[in-house]
Structure formats: C-alpha cells, structure tokens
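Below is one structure, written out as structure tokens; comments come after it.
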Amino acid sequence: MKELAEGVWSLGSTKGGHVRAFLLDDGHELTLVDTLFEPDGRGVLEGLRSIGRRAADLRHIIITHGHRSHLGGAAALKRASGATVHTHEWEADIVTGDRRAQSVTLLPRQSLRLLPFQIGLRLNRPRHEPCPVDQAVGEDDEIGPLRVMHAPGHSPGHLAFHWPERRFLIAGDSISTWPDFRAGWDAFNLNPRKHRETIARLAGLDADVVGVGHGDPIAGGAAERVRELAERPAA
C-alpha cells in the first residue's frame, strides 16, 4: 500500500493488468474505491492494519464499474467490514451476479498483453463472487470525502471520484497508465464519444494526483497529462 497524498493510499499489484484500488481516510471514516480480485481482500485488510485501522473502520465500498478486476474482492470485504456497497444503478446487477458485463471485441486494438483480459470478459470467465449492492449512486452524490462523477464511455455506469480538498481524482478505467498512458484500454471503451466527453470533464478538474484503474497513479504534472489526453485527436 502506497500513500499518494494525505489520507489517500493506492493498493494493487501487477495482477489483472496492474489493477489498482484506493483507500481514503477523511479523519472520520474509511472509504474504499474498487476491491481488486477475490484473493486480494486479505491484502486490503492487511493494508488497513498497516495504518492502524480495523476492518470495522471501513464504512464505504464503491465500485467504479462492473469488471471483475475491480469488484472481485467486494463480497469478502463486505462480510469482513459490514461496509455499505455503492455503485451506479447501471452496473449494480453485474456486481450482484444477475447480469454479465458487456463483452468487448477480440481484435487487438492496443497491445497483445490485453488480449487475455478481452477473452476473459468475452467468455465471462472466471466469474466473480456476487456481492449485494446497498446503494446506487450517481452524478454529484457524495460518499465520504468524495464527490461522485458519472463518467460513461468505458461502460455505461462507469464512475469517477474527486476529492477537491486533496486535489485528488480517481479516474477509474477512463485513464490507464499500463501498458501505456492513454484514455483507457481501447478495446474496452464501449462508447468512444461518451468516453471522450468524460476525459474532457476530468481534464477540467486540474487534479494534482490522478489514480487510474490500471497502472501507476499520475503524480507529476497530472493536470497537464490529463489535458493532453483530452486534446488528442480521436483514433
């Protein structure tokens, strides 16, 4: 677990395309954005202990979108903590296991290293452990210290989150830094027009630190780099 700013930690590994989750402490309660894979719940709990906190201190679990690498650990972490689970209403039935996530193309649009993830999503294998969703959230809702942004394009109910006081942005899979820096994984962005609109909105926040769904967070020159993404011509 790596501290990115006051009260902001990044969790993750090289698994699942260097997938990342984020733990927020506003001085009152803990909020977790995304949960990595099923076996990673133990690592999240170890991370809590490393900063002197307990599972019961985790009050909110928010899922950016319904892909397994982001929601796999949700069921185990909810059992351990009793936290309220939030996601957008358009992703909720994926998290609960009542609907599979929308499949993506199998064509190599970016890097062959992403092909196993494309195949896994296409085949819906392996399946995640279903997790109940307690509350649907959307644009301008507030959870813990975070302001919710509906950030569609990657998926219909994809969410991003902004902590204005920390100038910290969680972009989810709208932006990736692995295997390279770009506006998410090309093959997975279901609505390119909506996705470009989302990137333009994120660029307008001028965040100092940007947490992404896959790859290392952006710290140095984060606002400039996100603006550069927004100004890139459409593929």
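Laboratory data are not the source of any read-out in this text; all were calculated from the coordinates shown. Being a predicted model, the structure only gives us computed values, none of them experimental. Here the Cβ positions follow ideal geometry from the backbone for every residue, glycine too, while neighbour counts run over all protein chains shown.
With each run of n ≥ 4 DSSP H residues scored as -39500 (n - 2.57), what mean residue ellipticity at 222 nm is computed for the chain after dividing by its residue count and rounding to the nearest 500 deg cm²/dmol?
Values: 8 runs with 64 residues, N = 235.
Theoretical 222 nm ellipticity from helices: -7500 deg cm²/dmol.
Quick one: compute the contact order of the range 97-147, relative version, from alpha carbon pairs under 8 angstrom and 6+ residues apart, as a percent.
Values: 27 pairs, mean separation 17.4, N = 51.
Here the relative contact order equals 34 percent.
Hey, any idea what Rg/Rh is for the range 139-185, computing Rh the Kirkwood way over Cα pairs?
Numbers: Rg = 11.4 Å, Rh = 11.2 Å.
That ratio is 1.01, to two decimals.
Given the C-alpha atoms of the range 108-235, compute the convex hull and give its volume per residue in Å³.
On the way: hull volume 14.9 nm³, N = 128.
Hull volume over Cα atoms, normalised by residue count, gives 116 Å³.
For the chain, compute Rg over Rh where Rg is the Cα radius of gyration and Rh is the Kirkwood radius from the inverse mean 1/r over Cα pairs.
The Rg/Rh ratio comes out at 0.93.
With a point put 7 Å past each Cα toward its Cβ, work out how far residue 50 is from residue 227 in nm, to one decimal.
For residue 50 paired with residue 227, the spin-label model returns 3.4 nm.
Could you check what % of the DSSP bridge pairs in the chain are antiparallel, to the nearest 5? Walk me through the intermediate numbers first.
Numbers: 24 of 38 bridges.
Counting DSSP beta bridges with both partners in the chain, the antiparallel share is about 65 percent.
Mean separation of Cα pairs under 8 Å and 6+ residues apart, divided by the residue count of the chain: what relative contact order is that in percent?
Values: 510 pairs, mean separation 38.1, N = 235.
RCO, the chain: 16 percent.
Residue by residue, what Karplus-based ³J(HN,Hα) values in Hz, rounded to whole numbers, does the range 123-132 have, using 6.51, -1.76 and 1.60 with θ = phi - 60° and x for Gly and Pro?
Result, rounded to whole Hz: 8, 6, 9, x, 7, 7, 6, x, 9, x.
Rounded to the nearest 0.05, what FRET efficiency is calculated for residue 100 and residue 13 with R0 set to 25 Å and r the Cβ-Cβ distance?
On the way: r = 25 Å, r/R0 = 1.01.
The computed FRET efficiency comes out at 0.50.
In straight Cα distance, which lysines are under 19 Å from residue 15, not counting same-chain residues fewer than 8 positions off?
2
What nm distance separates the two modelled labels at residue 122 and residue 142, each placed 7 Å from Cα along Cα→Cβ?
In this crude spin-label approximation the distance works out to 4.5 nm.
Quick one: Karplus J couplings for the range 142-152, per residue in order, coefficients 6.51, -1.76, 1.60, θ = phi - 60°, nearest Hz, x for Gly and Pro?
Using θ = phi - 60°, the values come out as 10, 10, x, x, 9, 9, 7, 10, 6, 10, x Hz.
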